[in-house]
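One structure is given below, encoded as structure tokens.
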Amino acid sequence: MIIRQPQESDRAAWERLYAGYAEFYGVAQDAGMRARVWGWILDPAHEVEAVVAEDAAGQLVGLAHFRPFARPLAASVGGYLDDLFVAPAARGSGAAPALLEALRDEGRKRGWSVIRWITAEDNQRARALYDKQARATGWKTYDMPL
């Protein structure tokens, strides 16, 4: 499994993965939304970055979107993993652990204090992996609609 930054030529494969991610979580997403996120990823001035997982056949099979976030109480900066997705046919291939390890390495290089993310309570397969890679917290997440 090769973990690397996405390239312009990856757009169609990335879009298929990201559309699959949105579908998995039941989120309505259109081509314009994907275009906006793709633009963020390719813009070095934007905070959102990405890595992709490429299999031995050269196919993109996974993605991870991440960004730095300030941690005032800890007086540090952490990394926030917004999205992690592996194509259903590639699950169990090692893509997800490889993406997490790449983020761990990137966070260490940048001096981040933590990599943080959320997942759905009923996402048992992902949670089984996450429980091996990280420590679950006792915090409850809230969204305030605007």
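The values are calculated or read from the model by the stated rules, or taken from the named source; none is laboratory data. Everything numeric in this text was worked out from a predicted model, so none of it was measured. Here the Cβ is made from the backbone with ideal geometry for all residues, glycine too, and neighbour counts use every protein chain on show. Accessible surface areas use protein heavy atoms only, side chains included; no ligands, DNA or RNA. Shrake-Rupley method; radii C 1.70, N 1.55, O 1.52, S 1.80 Å.
Descriptive notes on the structure:
- Amide H contacts under 5 Å for TYR80, placed H, 5+ residues apart: ARG67, PHE69, ARG116
- Where MET144, MET1 fall by accessible area, highest first, once all protein chains stay in place (1.4 Å): MET144, MET1
- Candidates GLY58, GLY107, GLY20: whichever shows maximal mean-square fluctuation once the chain is modelled as a Gaussian network with Cα springs under 10 Å: GLY58
- Residue-averaged 222 nm ellipticity for the chain, from DSSP H runs of 4+ at -39500 (n - 2.57), nearest 500: -11500 deg cm²/dmol
- Among residues other than ILE118 with Cβ under 15 Å from its Cβ, the summed charge is -1 (Lys and Arg +1, Asp and Glu -1).
- About the Cα centre, charge dipole magnitude for the chain (Lys/Arg +1, Asp/Glu -1 at Cβ), debye: 520
- For the chain: accessible area per residue (Å², 1.4 Å): 64
- Sum of side-chain charges, ILE41 neighbourhood, beta-carbon under 12 Å (Lys, Arg +1; Asp, Glu -1): -4
- Note that the range 9-146 carries a Kirkwood radius of 16.1 Å, evaluated over its alpha carbons pair by pair.
- Computed about the Cα centre, the dipole magnitude for the range 62-114 is approximately 160 debye when only Lys and Arg (+1) and Asp and Glu (-1) carry charge, each at its Cβ.
- In Hz, Karplus ³J(HN,Hα) per residue of the range 100-114 (6.51, -1.76, 1.60; θ = phi - 60°; x = Gly, Pro): 5, 5, 5, 5, 4, 4, 5, x, 5, 4, 8, x, 5, 8, 6
- Euclidean distance between Cα centres, the range 85-110 to the range 1-59, Å: 14
- Of the GluC sites (Glu not before Pro) in the range 101-136, the ones in a loop by DSSP (not H, G, I, E or B) with at most 14 other beta carbons within 10 Å are GLU121.
- Over the range 15-61, the alpha carbon radius of gyration divided by the compact-protein estimate 2.2 N^0.38 Å works out to 1.26.
- Taking only protein heavy atoms and a 1.4 Å probe, the accessible area of the chain is 53% carbon and sulfur.
- Note on the range 84-141: the alpha carbon radius of gyration divided by the globular reference 2.2 N^0.38 Å gives 1.19.
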